[in-house]
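Worksheet: the structure to be examined is printed underneath.
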Amino acid sequence: MTDRVPAVPEALDCSQDRALKQLPGTRPEPLRSLPVRLAKRPFVKNTILARLSIQQLAAIGECLKPVVLKERMVLQEPKRPVEHVYFVESGLVSLRVVAAGSMLETAVIGYRGVVGTSFVWGAHLSSNQSVVVFPGNAYRIRVEDLRRIMKVHPEIRDHLFEYVQALTFQCVQTGLCGVRHHREQRLASWICLASEAVDARVLPVTHDYLSSVLGLRRAGVTETLIRFEEQGLIRKMRGVLQIDEHKLLEEKACCCYKLVSAAYVSSSVRPQR
């Protein structure tokens, strides 16, 4: 395993915790706007915002608008202009490829990430669909405002580019995983990555959803989750999956889980003061 994400992503082959506060049917608490003038660093959970200096956070904070992410809310559609960028604070967003009536998930985005980063490499249209899976909150900014701010504070662009490398790596690795690894490995990987993305061990997810985003038969998903439960790795309740043994579940996952997880870790550094 490498310590850094490759500059050009390359798919690699290989043969007491907090629960989510927002479960299905509940409304996430709205965020407050960041103060325009910062005397001290405000708390932000989003990893990229947390890395910014007070000066950089103050500059971008003028244009950040708090938004509630509702379940099934579509943030971006393929082949549509990218108008806003979302810094996710809580909840989970699914990044998908949609074609000819079919859909396949390529990545999940939580508090470590951003939705709408295609503008970083100059794209004007979104190539993916972004849909809220678990409700939560985010800070939204218009692309043109973010571009203007990055001209004055290029370090913000650097942080975004490092994140985009990790996200692209996950998308490429997901493609390989879908054709090389079997059902049990892929399900374990998805559950572990989603758990890390939302920083929780309780996931409001159904068998139908896992079947659709992973391109697996529902009966096979149910069979595998029953096996995980019999082994004491998870507990299934109606519409909710609870992870009881995260470390053991990691051992069931394919190498893609550790590679993707390491990619996000390597794209982050300790927040600036």
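Laboratory data are not the source of any read-out in this text; all were calculated from the coordinates shown. Quick caveat: nothing in here was measured; it's all calculated off a predicted structure. Using ideal geometry, Cβ is built from the backbone for each residue, glycine included, and neighbour counts are taken over all protein chains shown.
Sequence-ordered 3J(HN,Hα) estimates for region 197-208 from the Karplus curve with 6.51, -1.76 and 1.60 and θ = phi - 60° stand at 5, 10, 6, 8, 10, 10, 10, x, 9, 10, 4, 4 Hz, glycine and proline given as x.
Loop-located chymotrypsin sites (Phe, Trp or Tyr not before Pro) in region 39-117 (DSSP state other than H, G, I, E, B) with a sparse environment of at most 14 neighbouring Cβ atoms within 10 Å: 43.
Would you list the P(r) distribution for region 116-203, with all Cα-Cα distances sorted into 5 Å bins from 0 and each bin expressed as a whole %? Bin by bin from 0 Å, the calculated values are 3, 10, 16, 21, 20, 15, 10, 5, 2, 0.
Loop-located GluC sites (Glu not before Pro) across region 63-117 with a Cβ neighbour count of 14 or fewer within 10 Å are 83, with loop assigned by DSSP. Between amide H atoms placed 1.01 Å from N, distances below 5 Å from residue 92 occur with 133, 134, all of them 5 or more places distant or on a separate chain. Taking the Cα atoms of region 30-165, the ratio Rg/Rh between the radius of gyration and the Kirkwood radius comes to 0.96. Our analysis of region 47-267 gives Rg over Rh at 0.98, with the two radii drawn from alpha carbon positions and Rh computed by the Kirkwood formula. Near residue 228: Cβ cut-off under 13 Å, other residues only, Lys/Arg at +1 and Asp/Glu at -1. The net charge is -2. Per-residue Karplus couplings for region 129-143, computed as 6.51 cos²θ - 1.76 cosθ + 1.60 with θ equal to phi - 60°, are listed in order as 9, 10, 10, 6, 9, 10, x, x, 9, 7, 9, 10, 9, 6, 4 Hz, Gly and Pro entered as x. For the pair region 40-76 / region 79-146, the C-alpha centres are spaced 14 Å from each other. Its residues counted as N, region 145-273 yields a C-alpha radius of gyration over 2.2 N^0.38 Å of 1.23.
For region 47-267, the number of Lys pairs with C-alpha atoms closer than 26 Å, counting only pairs eight or more positions apart or on separate chains, is 8.
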